[in-house]
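Trainee: Okay, here's the structure, questions in a sec.
The values are calculated or read from the model by the stated rules, or taken from the named source; none is laboratory data. Note that this is a predicted model, so its numbers are computed, not measured. Counting neighbours? That spans all protein chains shown, and the Cβs are built from the backbone with ideal geometry, glycine included. All accessible areas refer to the heavy atoms of the entire protein, side chains included, with ligands and DNA or RNA removed. Shrake-Rupley method; radii C 1.70, N 1.55, O 1.52, S 1.80 Å.
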Amino acid sequence: MSSIRSRLSLSLIASLVIVGFLIFMFLYIKREFTNTRTEVSQVVLVQKITSMGKLELVKYAVKDIVEKKEVHTILPDERVLFLAVGEVTACIDLTKVKEQDIIQSKDSVTVTLPQPEICYAKLDHQQSKVYDITGAWFPSNARDMVEEVYKIAEKKILDGSKEMHITDKARENAQLIFKPLLESISGKTVILKFR
């Protein structure tokens, strides 16, 4: 009787060890197959080197609401409502100033600068938001509509900056910011002119 009990005990212990081992192996293999590791490799290539010589004189932060609608005769209209947040900067390209543009006299310096220009107009993709998309039947249609509204918003920001006369403000700021800097460097009265 005791030999039967010891055999049962040994069989039970062996079974428990085997079951425990199988559970351990199952969990280990499951973890190995479901465990993912992300590897990111990156190679940065210099595509273009540009010498900087632009004096930024004014920056406008702008917000605009853009609605793009495609009207269909049978299907429902497709519509995107977009809040565009961006900035526009006007500057003077100092690399265009030539030696003959700087005329010195005894007590003054006359500097002829190129006309101010818009350096860049860009959307802030972090703060710009699509508020509503309606009528898009497929995800690709919605994606295309969003891409188009981004392009429209960038163009509107650029066109709006021209209407706000940002280059005129850059011209004013050249007199307020750049002229005193040149006067302190040269120790003479500076007269700024624009081509």
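Trainee: Applying the selection to the stretch 175-195, what residues are hydroxyl-bearing (Ser, Thr, Tyr) and surrounded by 13 or more Cβ atoms within 10 Å (Cβ to Cβ)?
Mentor: Ser186, Thr189
Trainee: Restricting the stretch 71-86 to residues that are part of a strand (DSSP E or B) and touching a residue at least 60 places away in the same chain (Cβ under 8 Å), which is nearest to the chain's Cα centre (by Cα)?
Mentor: Residue satisfying both the conditions and the ranking: Gly86.
Trainee: Enumerate the pairs (first residue in the stretch 182-195 and within 21 Å of Pro116 (Cβ to Cβ) and touching a residue at least 24 places away in the same chain (Cβ under 8 Å); second residue anywhere and open to solvent by less than 70 Å² (accessible area, probe 1.4 Å) and among the aromatic types (Phe, Trp, Tyr)) with beta-carbon separation below 9 Å, excluding pairs fewer than 6 apart on the same chain, so at least 6 apart or on different chains.
Mentor: What qualifies is Val190/Phe178; Leu192/Phe178.
Trainee: Could you tell me which residue of the stretch 90-123 is most open to solvent (accessible area, probe 1.4 Å), considering only residues that are out of contact with any helix residue (DSSP H, G or I) (no Cβ under 9 Å at 6 or more places or on another chain) and of a type in the set (D, E, K, R)?
Mentor: Residue satisfying both the conditions and the ranking: Lys106.
Trainee: For the condition closer than 28 Å to Val190 by Cβ, over 19 Å from the mean Cα position of the chain (by Cα) and in contact (Cβ under 8 Å) with a residue 60 or more places away in the chain, what is the one hit in Thr110, Thr95?
Mentor: Unique residue meeting the criteria: Thr110.
Trainee: Ok, one more. How many of the residues making up the stretch 146-174 are assigned to a helix (DSSP H, G or I), without any contact (Cβ under 8 Å) to a residue 60 or more places away in the chain, open to solvent by 70 Å² or more (accessible area, probe 1.4 Å) and not basic (Lys, Arg)?
Mentor: 3
Trainee: Among the candidates Lys48, Lys69, Lys129, Lys122, which residue alone is of a type outside the set (Val, Ile, Thr) and at pLDDT 85 or above?
Mentor: Just one listed residue meets the conditions, Lys122.
Trainee: Collect the residues in the stretch 50-78 that are over 25 Å from Met164 (Cβ atoms) and buried (at least 17 other Cβ atoms within 10 Å of the Cβ), keeping them in residue-number order.
Mentor: Scanning the stretch 50-78 gives a single hit, Glu78.
For (1) of a type in the set (Phe, Trp, Tyr); (2) under 24 Å from Gly53 (Cα atoms); (3) in contact with a Phe, Trp or Tyr (Cβ under 9 Å, 6 or more places away or on another chain), each residue gets a yes or a no:
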{"residue": "Lys69", "(1), (2), (3)": "no, no, no"}
{"residue": "Leu94", "(1), (2), (3)": "no, yes, no"}
{"residue": "Val97", "(1), (2), (3)": "no, yes, no"}
{"residue": "Glu117", "(1), (2), (3)": "no, yes, no"}
{"residue": "Tyr120", "(1), (2), (3)": "yes, yes, no"}
{"residue": "Gln127", "(1), (2), (3)": "no, no, no"}
{"residue": "Asp144", "(1), (2), (3)": "no, no, no"}
{"residue": "Glu154", "(1), (2), (3)": "no, no, no"}
{"residue": "Ser161", "(1), (2), (3)": "no, yes, yes"}
